[in-house]
Structures are given as structure tokens and as C-alpha cells.
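Inspection log for the structure reproduced underneath, given as C-alpha cells.
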Amino acid sequence: MSRWEPNARGRLERAAYELFRDQGYDQTTVADIAKRAGLTERTFFRHYADKREVLFGGAGSLQDELLRALDRVPPELPAIEAVRIAVEAMSTLMHGRRPFSLERQRIVAAHADLQERELIKRATLTAALAQGLQRRGVPEPAASFAAEIGIAAFFVGFGRWFDDPAQRELVEIVHEGFDQLKAVADGSFL
């Protein structure tokens, strides 16, 4: 194998998903993934701590985009509007990834340890968003409430995304969720 592996991370991700689908998550080893990708196990471990992290490797990118977007929101906007803008920005990272995300969700739903890791990811995003809101001057517990609402809107939208008859992108569904949330808060939702 060559010393330089172009797009090693992407190749490892694709190989892992193919193997998880074809032979099952539990039966797939790191050695299997590396071999399918045409790479070494050492290369695998340069990119991922274990096979579970292949499924959660994008969590850092989601959080980074969430906080970058929050930092760009003008300070005069209300906290919940800042949350909406940040969560919608984070949602755009999923553009074009519906089939991949659906496969990931099937794998996670079938394994209690992966479901636990998903809850940790959700809690980490919520805590990061709450801290970002606090840096903007939003006091507690308002910052935590707003962060919980925003991340809940993302995950509810994420679940609806897979079955959306119009096949809209996630960001559109999340935006609609925030509109519905506003309608509930205003008392105008039937």
C-alpha cells in the first residue's frame, strides 16, 4: 500500500458503511474496514478511535458549524432567533446526505450502545450551544432552555427528514419546525 492515501477518511467511512450493511455492525472489525478501504489498520486509527466513531465522526463538524453560525448572528437578535439561525446553519451540513444518514440511523437504532453515544452527542451539542448563548449574554437558565429547544428542533427535524414526502433538505424541515414552535408559543397553532 502506498504511503499516501488520498481521501482515506472518506474511503474508510464508505467501507465501514458497506460492511455494516452487508455483514452487520457487530460482525465488522476494524481490520475488515481497513482492508475493504485498501488501507492499513494503522491508517484507520489515525482517523478514528474505533469503529463506533465512524458513525459519529461528523459530530465535531456539526458543533463547529453551530458555534460559528451563532458567533455570526448579530447581537441584537433575540436568543431564540440566534438559536434558529445557528441550528439551520448546522442543518445545511446534511445537504445531499439523506441516504447515508438513513443508513446510519438504522445502524444506531439497532444497538443500545450506539443509541447511548447518540444521546451523548446530543447532550454535547446542547451544552455547547448553551455556552455559546451565555457568551452572548444570555443568562441561565434561559441559555439552557433555548439550547434544548434548538437541538430538539434539529433532532425532531432529522427524524422527519427521512420520511418527508417532498424529499426536502433537512434545513427546510428544521426551519418549518421553528415556525411551528413559534406558532405554539404565540398560541396560533391549532
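The values are calculated or read from the model by the stated rules, or taken from the named source; none is laboratory data. Given the structure is predicted, the values throughout are model-derived calculations rather than measurements. All Cβ positions, even for glycine, are placed from backbone atoms using ideal geometry, and neighbour counts span all protein chains on display.
One line per residue, one yes/no per condition, for (1) of a type in the set (Val, Ile, Thr); (2) in contact with an Asp or Glu (Cβ under 7 Å, 6 or more places away or on another chain):
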position	(1), (2)
ARG72	no, no
PRO75	no, no
ILE80	yes, no
SER91	no, no
HIS95	no, yes
GLU103	no, no
ILE107	yes, no
HIS111	no, no
GLU118	no, no
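Just one of ARG117, ARG104, ARG135 is of a type in the set (Lys, Arg), in the same structural domain as GLU65 (by TED's automatic domain parsing) and free of Cβ contacts under 8 Å to residues at least 40 places away in the same chain; which is it? Testing whether each residue is of a type in the set (Lys, Arg), in the same structural domain as GLU65 (by TED's automatic domain parsing) and free of Cβ contacts under 8 Å to residues at least 40 places away in the same chain leaves just ARG135.
Out of ARG42, ARG106, ARG36, one residue alone is assigned to a helix (DSSP H, G or I) and either hydroxyl-bearing (Ser, Thr, Tyr) or under 20 Å from the mean Cα position of the chain (by Cα) (or both). It is ARG106.
The rows are residues; the columns are (1) in contact with a helix residue (DSSP H, G or I) (Cβ under 9 Å, 6 or more places away or on another chain); (2) hydroxyl-bearing (Ser, Thr, Tyr); (3) within 17 Å of VAL171 (Cβ to Cβ); (4) modelled with pLDDT of 95 or more.
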site: ALA31; (1), (2), (3), (4): yes, no, no, yes
site: ALA34; (1), (2), (3), (4): yes, no, no, yes
site: ALA49; (1), (2), (3), (4): no, no, no, no
site: PHE56; (1), (2), (3), (4): yes, no, no, no
site: ARG98; (1), (2), (3), (4): yes, no, yes, no
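Looking at LEU70 and the list (1) aliphatic (A, V, I, L, M); (2) at pLDDT 95 or above; (3) out of contact with any Gly (no Cβ under 6 Å at 6 or more places or on another chain); (4) assigned by TED's automatic domain parsing to the domain that holds VAL171, which single condition is not satisfied? LEU70 satisfies every listed condition except (3).
May I ask you to verify whether ASP64 is under 16 Å from ALA128 (Cβ atoms), of a type in the set (Asp, Glu) and without any contact (Cβ under 8 Å) to a residue 24 or more places away in the chain? Yes; evaluated as a whole, the condition is true for this residue.
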